[in-house]
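Peer 1: One structure is given below, represented as structure tokens, and several questions about it will come after.
The values are calculated or read from the model by the stated rules, or taken from the named source; none is laboratory data. Just so we're clear, the structure is a prediction, and the values are computed from it rather than from any experiment. With ideal geometry, Cβ positions are generated from the backbone for all residues, glycine too; neighbour counts draw on all protein chains shown.
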Amino acid sequence: MTGLEGVPMTTDSTPTIVDSDGHIIESIEEMAEFLDPPIRDTALGTGGIGTIIELSKTSLFGTLDGLHFTNVVPSDNATARRERINASGHRMGSAQDWQALLDKSGMAETVVYTTEGLQVGKLRNRDYVVGLCRGYNDYVADCYQRYDSRIHPIALIPMQDPVRAALELRRAVKELGLLGAMLPSTGLDLHLGHEYYWPVYQEASDLGCILAVHGGSNVGIGIDSFTSLTTSGIVHHPVPLLYAFVSFIYDGVFERFPDMRVAFLEGGCAWVALALDRIQRAAEFSGAPPRPAEEYLAGGNILIGCEGVDPTLPYLAGRVGIEPFAYSSDYPHEVDFKSAMDEIEETVNDDGLSDDQKAAVLGGNAKRFYRL
């Protein structure tokens with residue numbers, strides 16, 4: 001079955017599709033309505049320093065890093081040079097655009113993360129980030145979740161202040177009905193396994209909600225001298241996920257909070273093989289983790305986002321089981337509507353996975369993990 005301009009669509013024979021990691025693209029003008037007055041003035045450039053900082057008119061979170069908005073022309077050997085096909089004529093990444101994608105693709109549901117807020121960990125003024133996260137959460141609950149119940153936005157919380165982050169997490173889950181919160185993979189002063197952040201993990205465990213470490217900025221991971229978004233992207237998406245996973249294990253987070261559910265998103269799944277091998281090797285010389293790393297992955301409380309057919313996935317499925325791995329569209333970032341549909345089709349046709357494994361990756365695992 002085909003849809004928009006020949007894009008392959010899901011059919012009755014295709015497993016239920018649940019997107020574990022899509023993205024909204026924020027409208028700062030829409031979001032301003034939900035912000036406290038000082039931050040609203042910054043958003044709209046109508047008061048104080050907001051009138052002279054032009055960047056504030058397009059971003060409340062600052063820039064992601066020094067590369068993401070400077071590489072506007074793909075290299076000559078890039079494969080994705082065709083004209084982009086979005087899901088609709090609506091603003092890209094809007095609730096209306098996502099609703100159209102769900103209708104046209106046959107996806108059952110999507111879990112959507114921020115675009116602007118991927119760099120939230122870089123912010124330093126605690127009062128500002130507390131107010132900004134609160135306004136963002138009100139915005140996505142009202143303009144996305146309430147617009148279409150199939151769209152599930154994930155909250156932002158001010159991890160710079162764990163006590164207030166825990167309070168905002170509780171509000172986002174209990175009052176707004178959001179599924180949980182994103183943890184920035186870079187930008188914070190301490191690694192995510194540090195005990196400083198444990199009040200957030202305790203709250204997430206008490207609430208039974210998810211937390212998700214999401215790749216974003218390239219700051220602070222040793223590649224500041226890279227000048228190409230391509231070379232940076234190879235590293236800066238998966239490597240911080242590896243950092244977080246290792247720190248959660250060795251700092252005792254998974255032992256202290258055994259019921260906490262954590263997703264690791266936008267880094268593919270190949271980094272997991274590296275983590276398992278290095279942890280096993282380290283155990284021979286400097287001490288084993290509390291449990292074999294494979295047990296954490298197989299326990300049902302960890303989700304790893306996979307973007308299309310990942311050559312490493314069949315190997316990992318054999319090593320730890322298929323349960324941790326879930327399809328992520330990443331729409332409308334690196335992929336457009338056609339690419340997202342192509343990746344689903346590729347997974348359906350992957351000879352390296354059984355039908356049950358395909359069904360789990362394409363929808364079952366995300367549905368279970370997010371409790372949809």
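Peer 1: Can you tell me how many residues within the range 107-163 are part of a loop (DSSP other than H, G, I, E, B), hydrophobic (A, V, I, L, M, F, W, C) and under 12 Å from Leu176 (Cα atoms)?
Peer 2: 1
Peer 1: I'd like the residue in the range 263-292 that is assigned to a helix (DSSP H, G or I), modelled with pLDDT of 95 or more and of a type in the set (Gly, Ala, Ser) and, out of all such residues, is nearest to Thr110 (Cα to Cα).
Peer 2: Filtering the range 263-292 for residues that are assigned to a helix (DSSP H, G or I), modelled with pLDDT of 95 or more and of a type in the set (Gly, Ala, Ser), the one nearest to Thr110 (Cα to Cα) comes out as Ala270.
Peer 1: From the list Glu266, Glu295, which one is free of Cβ contacts under 8 Å to residues at least 24 places away in the same chain and under 24 Å from Ser20 (Cβ atoms)?
Peer 2: So the residue among Glu266, Glu295 that is free of Cβ contacts under 8 Å to residues at least 24 places away in the same chain and under 24 Å from Ser20 (Cβ atoms) is Glu295.
Peer 1: Separate question: Please work out if Asp206 is at pLDDT 95 or above, more than 15 Å from the chain's Cα centre (by Cα), farther than 20 Å from Glu26 by Cβ and assigned to a helix (DSSP H, G or I).
Peer 2: yes
Peer 1: Read through the list (1) at pLDDT below 95; (2) closer than 30 Å to Val348 by Cβ, then give the number of the only condition that Gly93 fails.
Peer 2: (1)
Peer 1: To continue, here is another question. Just one of Asp259, Asp251, Asp310 is charged (D, E, K, R), over 18 Å from the mean Cα position of the chain (by Cα), buried (at least 17 other Cβ atoms within 10 Å of the Cβ) and on the phi < 0 side of the Ramachandran plot; which is it?
Peer 2: Among Asp259, Asp251, Asp310, only Asp251 is charged (D, E, K, R), over 18 Å from the mean Cα position of the chain (by Cα), buried (at least 17 other Cβ atoms within 10 Å of the Cβ) and on the phi < 0 side of the Ramachandran plot.
Peer 1: For the range 126-143, does any single residue satisfy the condition of being touching a residue at least 24 places away in the same chain (Cβ under 8 Å), out of contact with any Leu (no Cβ under 9 Å at 6 or more places or on another chain) and surrounded by fewer than 17 Cβ atoms within 10 Å (Cβ to Cβ)?
Peer 2: Yes, that holds for at least one residue.
Peer 1: Further question on the same structure: Out of all the residues in the range 1-59, which are modelled with pLDDT under 60, in contact with a Gly (Cβ under 6 Å, 6 or more places away or on another chain) and not in a helix (DSSP H, G or I)?
Peer 2: Within the range 1-59, Met9, Thr10 qualify.
Peer 1: State the number of residues belonging to the range 322-345 that are farther than 25 Å from Gly300 by Cα and in a helix (DSSP H, G or I).
Peer 2: 7
Peer 1: Here is a follow-up. Can you find a residue that is touching a residue at least 24 places away in the same chain (Cβ under 8 Å), in contact with a strand residue (DSSP E or B) (Cβ under 6 Å, 6 or more places away or on another chain) and within 22 Å of Leu179 (Cβ to Cβ) anywhere in the range 333-352?
Peer 2: yes
Peer 1: Could you say which residue among Ala155, Ala166 is over 25 Å from Ala43 (Cβ atoms) and hydrophobic (A, V, I, L, M, F, W, C)?
Peer 2: Ala166
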